[in-house]
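The values are calculated or read from the model by the stated rules, or taken from the named source; none is laboratory data. Quick caveat, the model's predicted, so the values are computed rather than measured. Note: ideal-geometry Cβ built from the backbone for every residue, glycine included; neighbour counts use all protein chains shown. Side chains included, ligands, DNA and RNA excluded: accessible areas come from the protein's heavy atoms. Shrake-Rupley method; radii C 1.70, N 1.55, O 1.52, S 1.80 Å.
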Amino acid sequence: MSGGLPIYPQVVVGYEENDRGEDARVLAERVVERDRGDLKVVHVEKGSPSDALQALAEKGEADLVVLGSTHRAHIGSVAPGSVAEHLLHGARCRLMIAPKGYGQADHSQDRLRVAAVGFDGMAESYAALDETARLAMKFGGSLRVIGVATPVPAIGAAAAAQVGADAGPDFQTQLNNAVAELPEELHALPVFERGDPVRKLLEAAEIGVDLLVLGSRGFGPVMRLLIGSVSSRVIREAACPVLVVPRPA
């Protein structure tokens, strides 16, 4: 389903006359081609590019900013440069980062067919899930919802029972319930893992995922990007484009 209003009416690409700029431009064009928003190219070689991009977001003139990865990134992997790092700490917009070499890859086929989103049961991950679902619907793709349970120290049986009673549905049930509420045509798949969230999300991004979506951390100003420790590490190694969604209002 590709009709309707654009999810990102105003897409801004931070462009440089180099491979990194081409990576960002190609990814932004792929998004706009299907979403039907407007694309604006902002040259970021001179001056204070992060301030210029943030000013556009503050004025409501950038719903999505697309940037390339730093030159220090590995080919095929994401790693934010200084401009992206600045925006990840308070910008009022979505931020998408292209992997190094994205502009040189074969894009003859639609490469945003499988979207994955990190889910931890917090309000921020529900916001990321909602946005990922809308993107998958727009691109006619499928959706994987990845929840990772972090091992906790062993506690007594009585204390464990009390924790379970206080917490309500367990995390895996919460994940399954969230996926069950999504439209059937998304063919959404809940993926429940145990272990280190960073490693599990990175592994998921390597298995046929064309876009990984992450939420912002659960404190700080609303409707702004403020990444937590997990997102901060994932966004430095992921093997596909990464989209970071601001905190919900």
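Remarks
- Within the full protein context, the accessible area of Ser77 is estimated at about 20 Å² for a probe radius of 1.4 Å.
- Site pair Leu5 and Glu58 shows an inter-label distance of 2.6 nm when each label is modelled 7 Å from Cα along Cα→Cβ.
- A full extension of the chain between Gln104 and Ser142 corresponds to an added length of 11.2 nm, given 0.36 nm per residue minus the alpha carbon distance.
- The distance between label points at Ala149 and Arg199 comes to 1.8 nm (points 7 Å beyond Cα on the Cα→Cβ vector).
- With both labels modelled 7 Å from their Cα along Cα-to-Cβ, the Glu206 to Asp19 distance reads 2.1 nm.
- Note on exposure: Lys40, Lys59, Lys200, Lys138 ranked by accessible area (1.4 Å probe, complete protein assembly) read Lys59, Lys40, Lys200, Lys138, with the most exposed listed first.
- Accessible-area value, Ile235, 1.4 Å probe, nucleic acids and ligands omitted, Å²: 0 Å²
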